[in-house]
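Coordinate-derived values only; no laboratory data. It should be emphasised that the depicted structure is a prediction, and the values quoted were computed from it without experimental measurement. Note that each Cβ is placed from the backbone with ideal geometry, even for glycine, and that neighbours are counted across all protein chains shown.
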Amino acid sequence: MLLERLPATLLLTGTAFILSLVCGTALGTIAGTRAGKWSDTFFTIVSLLLYALPVFWLGLMLVLLFSVQLNWLPPFGYATIGVEMTTWQRIADIAQHMVLPTLSLAAVYLAIYARLMRSSIIEVKQQDFIKTARAKGVTESQIVMRHLLRNAILPVITVAGMQAGAVVGGAVVVETVFAWPGLGRLIYDAVLQRDYPVMQGIFLVMSVVVIGLNLLTEAVYRMVDPRISVGSVK
Amino acid sequence: MGMNRREFGKLGLAAGMASVAGIPLGLHRAAGQTRGGTLSTITHPEPAMLVSAISQLQSTLTVGGKIYESLLRYDFDLKPIPGLAQSWSVSPDGLTYTFKLFPNITFHDGKPLTADDVIFSMTKILPETHARARPIFTRIESAEAPDPLTVVFKLKSPFSPFLGAFDCTTAPILPKHIYEGTDFKTNPANDKAIGCGPFKLKEWVRGSHIHLIKHEGYYRAGEPHIDEIIYRVIPDAAARSVALEQGTVKLTQWSDIEQYDVARLTKLPHLDMTTKGYEYFAPHLWLELNNRIAPMNDKRFRQAVMYAIDRKALLQRVYFGLGKIATGPISSKTRFYEKNVKQYEYSPDKAKALLDEMGLKPGADGKRITVPFLVTPSGELYRRVAEFLRQSLLRVGIDIQFEGTDVAGWIQKVSNWEYSMTTNLVYQLGDPAIGVSRTYISSNIRKGIMFSNTAGYANPEADRLFEEAATATSDEKRQELYSAVQKIVVEDVPIVWLLEQDFPTFTDKKLKNVTTTAIGVHETFGAVRFE
């Protein structure tokens, strides 16, 4: 039962997690490097808004706009049911169904990472090695990519690793709103029915996922900043 | 509704695939004729199993109705019409019931259905697994099959409502060759759900959908009309409304659509709405009072509560007009209803006078008494009802204090009499002897059993009349007895009857024959078709 539901949740949360990390970092970097300008103000307001929106409400509004009004995307579900499809058609179909739930789930975390990244960029920007780089005549884009980003992203990775669990938790709401047949829904139903064995099973699976993601975070740390490696302290 | 961009794309996709695979999907056929098509609808909540003989959760009964058929069906006036049985007769003494089955009925595994399967289901399976079928079918003294298409039941004593208990939610027929000698509840075949109805289970993706397809060997010529039914699991109320509005689902039933959305969706040009098809269940909404504890043990207090609630406002404001004010224990949709009973109009003054007479005088803050109220944990609607009742009762000085719990806790508390007040929705099940008397007769005061006489009402005269009415053989006599008992019970007010709740069934205008009997959406759907 759990294994049946796990892929759907991993697909949804994984995509949302990566999307929020990539977009959040990008937005935060843009805002941070242009601190004080209008684009910074704009991104800051947007991220604040996204952060403040309740996930289920955002989901419902997205459905109203993109499914009911515009009719571009399916409002809920995992895939079109009862139609035979080739593998590629099936993939395209699932991708279509994923857009709205992924966006709703990613929005909040995207906002958090963007704000974190922005302040981190502003802080790192004022450090000596950036001035040195600039004095050496390194181009601005090189400075951002090679020096700023690598140093500024560490707090984002820390928080992201800790929040991986919360993303899985947030899936409960999103999966309910979008009728997504994943673990989040299963835990919701299990709570309502007092199905303790199922709940224990889900907690176990979720713990494993969170631990796995934390290990991954550690590995990413070392890649981004080799100084953190334990072996290097001698 | 015109074809939108996405549907158009899908059509192209489907057409493309059909040509690639070389399958004649027959798009031209689906456009004009009445055969074929897919009915997409909702199951809410997702059932735990599909075998309606074993689980009687609402959604199990709805989906199971397509898979498992029964001997009879019932028209809107609850008169029996042929199901698996093409004819039936009752002996004059009311003891022998003979059913003639249709020929060529087969189960989904291809094996024929005979009188043996009927007898096995009624006398072996249902009395063990089906709580509300048990007291009915244990009245069978002997069951015989003189030939494979004839079933004869002999009862221990006359029981008039017997013929009213053969619908597919009470008496579904299961295959003997699969269940004989096994533990019915854990039989692995339960996952395959093998019945004899017009649709069989193809696939069940938990959390997503249940996919039923046509049973090719169905005994009724030309049925089923449609090829497949897809029950989608959509847990969110707003998403269910969107699905209906958008045309993703063509049918909704029971509580799929929230009351406040009904008026808006009814206006949509592509939808039809009816509240018919729930007559067999006739859900009765009431405020249950524990008659064992003060002040609910005083008839005057119960009458005061009855007077204090503006049930018309409850119907209009909370239920958006979907229902009717209940006047007593028997629903006006059920047989043997009596309308000439004591009327409790909305009158806070009468309520206050009764409370004064009891000696419950208002304190400095206007409150006379505080009573705990167990909020029924079956969704937002019950919460709103509770808030309405709190406001109403506060006006006459009765302060009810909410207590929260989950479904399991609620059942435990109510069935063990550990409550003061709560709301409940109870089905009447076609006949007062089956669905009504259980709440009021003292022999059914059984601790730990839900839907028994949990209020603890006991009146020897009511007991006698209910018992006589159940065994009387003529309808006139029964009406007389039920009329008498309704007058007594309404005077005593063991329970504060609120509403005969209506449920909306929405269908796409192109979908026909959905609501044809008193069990509505639980019906087999063999005759359902698109035009």
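Brief remarks follow.
- Over chain B, relative contact order from alpha-carbon pairs under 8 Å, at least 6 apart, %: 20
- In terms of other Cβ atoms within 10 Å, A:138, B:262 run from fewest to most in the order A:138, B:262.
- Between 0 and 90 degrees, the angle of helix A:87-125 with respect to the longest Cα principal axis of chain A falls at about 30 degrees.
- Cα pair count fraction exceeding 32 Å, expressed as % - the range A:2-227: 29
- Note on B:224-231: average number of Cβ atoms from other chains within 10 Å of each residue's Cβ is 1.
- The protection proxy used here, the mean number of other Cβ atoms lying within 10 Å of each residue, ranks peptides B:135-148, A:11-24 as follows, highest first: A:11-24, B:135-148.
- From least to most packed, judged by other beta carbons within 10 angstrom and beginning with the fewest, A:180, A:88 follow the order A:88, A:180.
- Equivalent ellipsoid, the range B:165-252 (semi-axes from 5 times Cα gyration tensor eigenvalues, Å): 28, 18, 13
- Under the criterion of Cα pairs below 8 Å and six or more residues apart, the relative contact order for chain A equals 28 percent.
- Evaluated on the range B:220-303, the Kirkwood hydrodynamic radius is 16.8 Å, with distances taken between all distinct Cα atoms.
- Per-peptide average of other Cβ atoms within 10 Å, ordering B:354-367, B:518-531, A:56-69 highest first: B:518-531, A:56-69, B:354-367
- Note on A:84-92: average number of Cβ atoms from other chains within 10 Å of each residue's Cβ is 2.
- Beta bridges assigned by DSSP with both partners in chain B are antiparallel in approximately 75 percent of cases.
- Efficiency of FRET from Cβ geometry, residue B:89 and residue A:3, R₀ 35 Å, rounded to 0.05: 0.05
- Per-residue mean of C-beta atoms belonging to partner chains within 10 Å, peptide A:175-186: 4
- Prolate/oblate/rounded label for chain B (Cα gyration tensor, a/c 1.5): oblate
- Our Cα-only numbers for the range A:124-192 put the radius of gyration and Dmax at 21.0, 63 Å.
- The range B:440-471: trypsin sites (Lys or Arg not before Pro) falling in loop per DSSP and having at most 11 other Cβ within 10 Å: B:447
- At q = 0.09, 0.11 Å⁻¹, base-10 log of I(q)/I(0) for the protein assembly as shown (Debye sum, equal scatterers on each alpha carbon): -0.95, -1.26
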